[in-house]
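So the structure is just underneath, and the comments pick up after that.
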Amino acid sequence: MKSVLTTIACVAGGLVAGWWLPLPSPVHFTGSTSSDTMHSAGRSRLVRWQELCSLLASEDELANYRLQSATTLSGLLGSLRQASGFGSIDAERLVAMDPAAAMEQILNDPSLFAHAGYVAEAWARRDPQAAIRFLRQKTSYAAESCLCKALAVAYVSEPRLVGETLRAKGRRWQARNLEELFSQSSSMRLGPPPPPAKETDDPFANAGDESDYKTVRFGEKILDCLADDALREQARACWKRSDADDTPAEPKPDPPLDLANLSRDRQWTDSSWDKLRGLWKEHPEDTLAEVVAKGNYSARECLMDEYVAAFPNDPAKWPDGFIQLEESMAKLEVVPARPPSSMGNNCVLYGPVAADWIARQPLALQRAWSPTFTETWARGKPEEAIQWALGLPPGANGSLAAQRGLVVWAHREPLKAAGYVEALPPGGFRESAISNTAAVWWSVDPSGAKTWLATLPESPGKTRALERVN
């Protein structure tokens, strides 16, 4: 599925937070229940992978996975309330189950209103007469909007039905919904819908719908169904505005770079960001002086990101790199949000040299950098990294950073990590460490994790761990 890669990338963070977050509801997976299939090696791998996703995924990812896994109307609608993603395939699944019941619930549930239009369009593609007949009987504004979308889709296959519906609704309804009727465009599948997804041992199979769509809207003849000439002129005006919106705009010269008014909210659309980065690469000292003198916080923050991204890859050059980074921080008065290892370059900070520098920096930098840095360092020297994190001052995210390092260690060497956890002094950190270590160990060796838990005395950490692995 689409979120698998994100899930794997977020494993460490999800595990560390697991002690404080409520346990997600278990995900129920469906498919063949025959003995041979359920106990095949491939099926076991798939079930194990699915269970691992349910344990480690973030709440948004888990909600989207429940949406994809639901096989009943109530289950699909229930998952839809929590999921952040919803597309044409999900709408078609609802319509294939029971379109009238699905639309009835959606129209009466404010948390589902946003998806009503997708379902109306999918229903109109599958059965335009039933969709329009159902929606014509509803009187809410949400239902009116859905009827407009259904009419636009149905016009391709049922133009007479669409015309009859518009006439029957009368002038007041036409005037109220004219903008939505004549300014929207709908998508129509060019080919047949894809076959239902089949169960497979490959979790990345059936990841998307590769069908082609075309854009459709009312034809000129539909204007005859409107009540009078005034509405027809308004409808034509809607078409003209839509055509103008679809016409590519003439390229305009870039505005002058305004350092005092740059906004991070526009960093993906405003060419000023690229211009600022280009100036810094060509004239770093002059650009730095200009930003320090005239730039707002967003401009200084952007330039600080560039200094972090330019940090040297060679550990032999790190001492000089830290000096330059520290000088840039002082001039820009900005604390970098993350260490170089998260900036997309090749540098990966680890070891005592970087640790000593971080420990000398302001608390804000320690708090921002310590989790990622500890996690990276723990790949080679886990105990050393964890001990460093635990020695950070209050407010520096030391406990969180240590748990992140422990997660990495438990995944690579669960026995050694478990021994370290057992030797920890009593307290909240130890209880969280038990829970996190067991959960990571279970993801690679369930029986080993449960055997280890059985040897531990009863404690809140053990209780939480058993909840997470069961």
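The values are calculated or read from the model by the stated rules, or taken from the named source; none is laboratory data. Computed from a predicted model, the values in this text were never measured in an experiment. For neighbour counting, all protein chains shown are included, and Cβ atoms are generated from backbone atoms with ideal geometry for every residue, glycine included.
When the criteria are applied in full, residue 389 meets the requirement of being buried (at least 21 other Cβ atoms within 10 Å of the Cβ) and not assigned by TED's automatic domain parsing to the domain that holds residue 330. The residue pairs whose first member lies in the range 91-106 and is farther than 14 Å from residue 78 by Cα and free of Cβ contacts under 8 Å to residues at least 60 places away in the same chain, whose second member is surrounded by fewer than 20 Cβ atoms within 10 Å (Cβ to Cβ) and of a type in the set (Gly, Ala, Ser), and whose beta carbons are closer than 8 Å, counting only pairs six or more residues apart or on different chains, are 99/130; 100/130. Listed residues 332, 365, 349; which is touching a Leu at 6+ places or on another chain (Cβ under 7 Å) and of a type in the set (A, V, I, L, M, F, W, C)? Unique residue meeting the criteria: 332. Just to be sure I understand the filter: pairs with C-beta atoms under 8 Å, separated by 6 or more residues or on different chains, first member in the range 108-123 and within 15 Å of residue 138 (Cβ to Cβ) and modelled with pLDDT of 75 or more, second member surrounded by fewer than 24 Cβ atoms within 10 Å (Cβ to Cβ) and of a type in the set (S, T, N, Q). Which pairs pass? Qualifying pairs under 8 Å: 116/145; 117/145. Mind checking whether some residue in the range 392-413 is touching a Lys or Arg at 6+ places or on another chain (Cβ under 9 Å), closer than 20 Å to residue 377 by Cβ and among the polar types (S, T, N, Q)? Looking through the range 392-413, at least one residue is touching a Lys or Arg at 6+ places or on another chain (Cβ under 9 Å), closer than 20 Å to residue 377 by Cβ and among the polar types (S, T, N, Q).
On the given criteria, is residue 306 assigned by TED's automatic domain parsing to the domain that holds residue 294, under 22 Å from residue 283 (Cα atoms), surrounded by fewer than 16 Cβ atoms within 10 Å (Cβ to Cβ) and touching a helix residue (DSSP H, G or I) at 6+ places or on another chain (Cβ under 9 Å)?
Numbers: assigned by TED's automatic domain parsing to the domain that holds residue 294: yes; under 22 Å from residue 283 (Cα atoms): yes; surrounded by fewer than 16 Cβ atoms within 10 Å (Cβ to Cβ): no; touching a helix residue (DSSP H, G or I) at 6+ places or on another chain (Cβ under 9 Å): yes.
When the stated conditions are applied, residue 306 does not pass them.
Checking the structure you have, find out if any residue of the range 160-179 is among the small types (Gly, Ala, Ser) and modelled with pLDDT under 85. No: the range 160-179 contains no residue that is among the small types (Gly, Ala, Ser) and modelled with pLDDT under 85.
Out of 100, 91, 122, which single residue is under 24 Å from the mean Cα position of the chain (by Cα) and under 21 Å from residue 71 (Cα atoms)? That would be 91, the only listed residue that is under 24 Å from the mean Cα position of the chain (by Cα) and under 21 Å from residue 71 (Cα atoms).
For the range 406-427, the criterion of a residue being in contact with an Asp or Glu (Cβ under 6 Å, 6 or more places away or on another chain) and not basic (Lys, Arg) is satisfied by at least one position. If the condition is being of a type outside the set (A, V, I, L, M, F, W, C) and either out of contact with any Ser or Thr (no Cβ under 8 Å at 6 or more places or on another chain) or closer than 17 Å to residue 468 by Cα (or both), then the range 400-427 contributes 403, 411, 412, 413, 414, 416, 419, 420, 422, 425, 426, 427.
Consider residue 236 carefully, then state whether it is at pLDDT below 75 and of a type in the set (D, E, K, R). Taking the combined requirement at face value, the residue does not satisfy it.
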